[in-house]
Amino acid sequence: MKILIIEDEVKIANSIKQGLEQENFSVEVAFDGESGYDLASMSSYDVILLDLMLPKMDGVTVCKNLRNEGNHTPILMLTAKSDVEDKVDGLDSGADDYLAKPFAFDELVARIHALSRRPKTTQATILKLGSLTLNTKTFEATREGTPITLSKTEYMLLVYLMKNANQILTKEKIVDNVWKFDADILPNTVEVYIGYLRSKIDKPFPKSKKLIKTIRGFGYKISDV
């Protein structure tokens, strides 16, 4: 079973990770809401353990965003708060269960097993925009039925653009979501990779609409309008 832990308290996150790995779970950890959201969007997990209070993007927002994009992975909300109001906020955002800290590790494991046994709603894995299709399970992209070969970074950039189709995205947002903490990012990195995508998605299809657009002074967007 594959578990994602989104928890900003490093000691707690690593302690849970170590305990779950001893129970033969496969575990990945994110220490802030944005990186946790990205992992949950890009990969498949059986259960997500999500802290309510997180830097960059709080747990309620992470949960709402995942549910809005059709991600139905069971979510167990973790928090130091035990107020009824906080519990309601977590469940209203789409969480499946709620566990207040401190908690017994055996109870956590039992809750995970209970969530994993619930019937799963099929998660949408196909992103479509006009004649462009991206399968986030197989990492395959096609336009007009023609396969498009993408590097890992090109793929991640295309996923981010398509999940935010018709929205203007600044260079800063693109860097934060595609490259995250990569210290080797140069000022023109975004322009370079946008150019790579255009050469694969727009230029080979001259009779079709150009999908990747530059919004001068603001950033970029992908749109078939």
Gain on full stretching of the segment that runs from A114 to N14 - 0.36 nm per residue minus C-alpha separation: 33.8 nm
Whole-Å semi-axes of the ellipsoid equivalent to segment 2-116 (Cα gyration tensor, √5λ, descending): 18, 16, 14
Residues H72, H113, sorted so that the one with the fewest Cβ neighbours within 10 Å comes first: H113, H72
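Using 0.36 nm per residue, how much length does the chain from S223 to V175 gain when fully extended, once their Cα-Cα distance is taken away?
Going from the current span to full extension adds 15.3 nm.
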FRET efficiency, M1 to T146 (Cβ-Cβ, R0 45 Å, nearest 0.05): 0.75
Sequence ranges 4-12, 207-215, ranked by mean other-Cβ count within 10 angstrom, highest first: 4-12, 207-215
Between helix 105-116 and the chain: long-axis angle, C-alpha atoms, 0 to 90°, nearest 10: 50
Angle between the chain longest axis and helix 189-201 axis [Cα atoms, degrees, rounded to 10]: 70
(i) 47, 40, 33; (ii) 60, 36, 33; (iii) 62, 41, 35, with the label sought being that of the calculated Cα extents along the principal axes in Å: (ii)
Ranked list, fewest to most other Cβ atoms within 10 Å of each Cβ, for R117, R111, R198, R216: R216, R117, R198, R111
Spin-label model distance (nm) - S131 vs N24, 7 Å beyond Cα toward Cβ: 5.0
Two-site FRET efficiency, D106 against K207, from Cβ-Cβ distance with R₀ of 45 Å, rounded to 0.05: 0.15
Cβ-based exposure ranking for S41, S15, in which fewest neighbours within 10 Å come first: S15, S41
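Each value in this text was obtained by applying a stated rule to the coordinates, not by laboratory testing. Everything numeric in this text was worked out from a predicted model, so none of it was measured. Using ideal geometry, Cβ is built from the backbone for each residue, glycine included, and neighbour counts are taken over all protein chains shown.
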